[in-house]
1. Can you spot a residue in the range 130-145 that is within 17 Å of the chain's Cα centre (by Cα), within 18 Å of R212 (Cα to Cα), modelled with pLDDT of 95 or more and among the aromatic types (F, W, Y)?
2. Residues that are among the basic types (K, R), touching a residue at least 24 places away in the same chain (Cβ under 8 Å) and out of contact with any strand residue (DSSP E or B) (no Cβ under 9 Å at 6 or more places or on another chain): does the range 57-66 have at least one?
3. Is there any pair with a first residue in the range 253-274 that is crowded, with 20+ Cβ neighbours inside 10 Å and a second that is modelled with pLDDT of 75 or more and of a type in the set (S, T, N, Q) whose Cβ atoms are under 8 Å apart and which are 6 or more apart or on different chains, and what are they?
4. Identify, by number, the condition in (1) β-branched (V, I, T); (2) touching a residue at least 60 places away in the same chain (Cβ under 8 Å); (3) over 18 Å from S151 (Cα atoms) that T232 doesn't meet.
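The values are calculated or read from the model by the stated rules, or taken from the named source; none is laboratory data. Because the structure is predicted, anything quoted here is derived from the model rather than measured. FYI the Cβ positions are ideal-geometry reconstructions off the backbone, even for glycines, and counts take in every protein chain you see.
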Amino acid sequence: MAQPKSKKPSYLETRARNIRRHALRMGAVQGQGYIGQALGWADVLAVAYFHAMSTTPKDPESESRDRFLLSHGHYAIGHYAALIEAGFIPEEEIETYGSDESRLPMSGMCSYTPGMEMSGGSLGLGLPIAVGMALALRAKGNPAFVYNSMSDGELDEGSTWEAALGAAHHKLTNLICLVDINNQQADDKCSSVMALEPLKEKWAAFGWHVQRANHRLGVEELAGVFDKARFTPFPGPRMILFDSLMGKGVSFLEARENNHFLRVDESEWQRAIDELDAVDKRGSAWTSQ
Ligand SMILES: [Mg+2]
């Protein structure tokens, strides 16, 4: 549940809230979407795009860019929000979300959208692609990093674990994986479909440097987690497991059950945006407790 705390929002808090606002505006255009995930993942996106990564919004295919792979293509609404906030996509395109001819289809596709590095939809493909990209960058002497963003449901996929082995075998120090641990997938809770824990120990046993953070962490502290992932001397790939809160930042969406694909009434989209705006007007940041 969101609770106000009395301090001026930081740069990263403001970026995270803007990402949430863009995502809600897109959701309102179509009246639906994976908005619970977008709100829950916004802090990670804000830190990735506004602290951790070297990005080139005006030249999205620059060789020097860090790559951000959206393996969970259904998180596109959140990723577009980050790309809009970062300047890859004009804000006006929010109004086109999910429509024919839009550059913002409901699942992420690299041929449509500037800054989208892979086409998603089928799950469990991001990490194998990330391993290939990280190998290729190293072979070319390119110091850029690959960030692979994925869901906990993708940990049910064998391809993910094959890639985990390969990344460690090849000692890919330029690969950082971000997993959204929300214990939710399309059919049920992840823990009911396939037991995954203890995840930290499993990834460490696969040869990865592993950190686990959660949504109660402020974005500034989360930036420190990202720094550690990138700069810690460790002879292999790096993992950040992030226990997120679906719907974060909008109290009535945080509280909603069965939130994999949220049903949001027409009036609630504006109510959600109003809740974010009210925080801005108060001049205080919220944090979930
Ligand atoms: Mg999930």
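1. No, the range 130-145 contains no residue that is within 17 Å of the chain's Cα centre (by Cα), within 18 Å of R212 (Cα to Cα), modelled with pLDDT of 95 or more and among the aromatic types (F, W, Y).
2. Here is the first cut: in the range 57-66, the residues among the basic types (K, R) are 58, 65.
Imposing the further condition that a residue be touching a residue at least 24 places away in the same chain (Cβ under 8 Å) reduces the set to 58, 65.
Pick out the ones that are also out of contact with any strand residue (DSSP E or B) (no Cβ under 9 Å at 6 or more places or on another chain) and you get 58, 65.
Yes; the residues of the range 57-66 include at least one that is among the basic types (K, R), touching a residue at least 24 places away in the same chain (Cβ under 8 Å) and out of contact with any strand residue (DSSP E or B) (no Cβ under 9 Å at 6 or more places or on another chain).
3. N259/Q184; L262/Q32; V264/Q32
4. Only one criterion in (1) β-branched (V, I, T); (2) touching a residue at least 60 places away in the same chain (Cβ under 8 Å); (3) over 18 Å from S151 (Cα atoms) is unmet by T232, namely (2).
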